[in-house]
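Here the structure comes first, spelled out in structure tokens, and everything after it is commentary.
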Amino acid sequence: MNLRAIAAIYRYEMDRTRRTILQSVVAPVISTALYFVVFGAAIGGHMGAVGGVPYGAFIVPGLMMMSLLTQSISNASFGIYFPRFVGTFYEQLSAPISVVEIVTAYVGAAATKSVMLGLIILATAALFTPLSVQHPFWMLGFLVLTAVTFSLFGFAIGIWADNFEKLQLMPMLVVTPLAFLGGSFYSIDMLPPFWRSVSLFNPVVYLISGFRWSFFGTSDVNIVVSLAMTLGFMVACLAIIGWMFRTGYRLKA
């Protein structure tokens, strides 16, 4: 394992975040804070508890997960797409660095940024609503697992995309709608039986449900199922990235 190569790519990606801190950190935190103000304070004050949890606190895991998904994909996809765009990534492919080391460095940096952002959002949420985390170990575990999984997904998107429009296509048209419809602001138990069954085909439901369980001990889906679905999606992303490097898909142009 070439640790020096991993560290060099990792440091470069983290330095890029520090150079664009307004876009990478401040903007997502402000956007999420606005959700807390509108849905938590304004609307939540007129709503009852959901599953015994005040509405303002209930939406915190969903909002954290929504930000985590979009930022993980954005960080990882842009991180690999830009070197491809300017041509420097092909130097890495010809260098004595393995595929595992390349993926570890880029995905590790993207996941680190997302986890840091998630923790900042959690601290911000505590300013708006009283919070307690019943299972802090599981909360951190789900946070890291989701960040890594969707950073892998973003990495695959960054290789697939051949222009900046495609780079934004998947997060804007697929991931964000799935996050809104995945129980970020409501429990799927509140839906009619038919729509609840339809919601179970949305993979984001399992992520938010498992993450919410780590906060309040209640969830829409069994915690084991949530964990299995997340791990399954991560394995699928790893398989896709492995196929891309093995076949040279969009990498040998």
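Observations on the model:
- Nearest-0.05 FRET efficiency for Ala27 and Phe180, computed from C-beta distance (R0 30 Å): 0.95
- Cα-based helix-to-principal-axis angle, 99-125 vs the chain, degrees rounded to 10: 30 degrees
- Most to least packed among 5-12, 69-76 [average Cβ atoms within 10 Å]: 69-76, 5-12
- Taking Cα centre as origin and charging only the Cβ of basic (Lys, Arg, +1) and acidic (Asp, Glu, -1) residues, the dipole magnitude of the stretch 3-247 rounds to 260 debye.
- The stretch 157-253: trypsin sites (Lys or Arg not before Pro) in DSSP coil with no more than 15 other Cβ atoms inside 10 Å: Arg250, Lys252
- Cβ-based charge dipole, the stretch 3-247, positive-most Cα from Met139, Met64, Tyr12: Tyr12
- Ranked by how many other beta carbons lie within 10 Å on average, peptides 58-65, 142-149, 231-238, 114-121 from highest: 58-65, 142-149, 114-121, 231-238
- In range of the label at Arg16: residues from the stretch 154-169 whose backbone nitrogen is under 12 Å from the point 7 Å along Cα→Cβ: 155, 158-159
- Efficiency of FRET between Tyr249 and Leu191 - r from beta-carbon atoms, R0 35 angstrom, step 0.05: 0.35
- The stretch 188-224 and the stretch 1-32 have Cα centres separated by 32 Å.
- Listed peptides 216-228, 15-27 by packing density, highest first (mean Cβ within 10 Å): 216-228, 15-27
- Here the Gaussian network model covers the chain, with springs between Cα atoms less than 10 Å apart; of Phe155, Phe185, Phe128, Phe128 fluctuates the most.
Read the figures in this text as sums done on the coordinates, not as results from a lab. This one's a predicted model, so the numbers in the text were calculated from it and none came from an experiment. Cβ atoms come from the backbone with ideal geometry, glycine included; neighbour counts cover every protein chain shown.
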